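A.B. asks: Starting off with a structure, shown below.
The values are calculated or read from the model by the stated rules, or taken from the named source; none is laboratory data. Keep in mind that what you see is a predicted model, and the values were worked out from it rather than measured. Reconstructed Cβ throughout: ideal geometry from the backbone, glycine too, with neighbour counts over all protein chains shown.
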Amino acid sequence: MHHNKLQKIFIALIASSVIWPLLAQTAEDVVVSAAQNSDLHARVLAASCAACHGTNGNAVTGSNENRNAILAGRDANDFTTIMLGFKDGSREATVMHHHAKGLTEDEIRQLAVYFSKQKPTGAVLLKPQTLKAYHE
């Protein structure tokens, strides 16, 4: 139940981050070229990757051995090959095959170009913290 509520909140946040800027534009600004529309579509698709792969593909991770792939700056052909492998099942995955199957080949290529243009900042490794119980 709690997971479902968090998932709905996450989806609402992603949707609002895309919708509010669009509503702020004038009618003239909304008329965009096909290339701009494609870029916007790629950015919307990439927003769903951010939960695991970080903003603009720069993952924030807990440890080196269990880190999520950094997508920022990745070669577009490499990205496309990997994602198509997830999509057709030829590449092993825990959850990525589900995500890839929901994308068309064109959307995978759009994401590949988008992430290849992002500047990698290097993974930020989170330091483990010890939680202490406080009782009164």
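A.B. asks: Collect the residues in the range 95-120 that are part of a loop (DSSP other than H, G, I, E, B), over 16 Å from D75 (Cα atoms) and of a type outside the set (S, T, Y), keeping them in residue-number order.
C.D. replies: Step one: of the range 95-120, the residues part of a loop (DSSP other than H, G, I, E, B) are 95, 102-104, 117-120.
The next check asks that each one be over 16 Å from D75 (Cα atoms); those that pass are 95, 102-104.
Answer for the range 95-120, where residues must be part of a loop (DSSP other than H, G, I, E, B), over 16 Å from D75 (Cα atoms) and of a type outside the set (S, T, Y): V95, G102, L103.
A.B. asks: Considering A72, A51, A133, A93, which residue is at pLDDT below 85 and of a type in the set (A, V, I, L, M)? Break it down into steps so the answer makes sense when it comes.
C.D. replies: Numbers: A72 fails: at pLDDT below 85; A51 fails: at pLDDT below 85; A93 fails: at pLDDT below 85.
After applying the criteria, what remains is A133.
A.B. asks: Then there is this: Name the single residue that is surrounded by the fewest Cβ atoms within 10 Å (Cβ to Cβ) among those in the range 105-123 being β-branched (V, I, T) and either at pLDDT 95 or above or over 16 Å from the mean Cα position of the chain (by Cα) (or both).
C.D. replies: Filtering the range 105-123 for residues that are β-branched (V, I, T) and either at pLDDT 95 or above or over 16 Å from the mean Cα position of the chain (by Cα) (or both), the one surrounded by the fewest Cβ atoms within 10 Å (Cβ to Cβ) comes out as V113.
A.B. asks: So how many residues does the range 74-94 have that are of a type outside the set (V, I, T) and either touching a residue at least 40 places away in the same chain (Cβ under 8 Å) or in a loop (DSSP other than H, G, I, E, B) (or both)?
C.D. replies: Applying the first criterion (of a type outside the set (V, I, T)) to the range 74-94 yields 74-79, 83-93.
With the extra rule that they be either touching a residue at least 40 places away in the same chain (Cβ under 8 Å) or in a loop (DSSP other than H, G, I, E, B) (or both), the set shrinks to 74-76, 89-93.
Count: 8.
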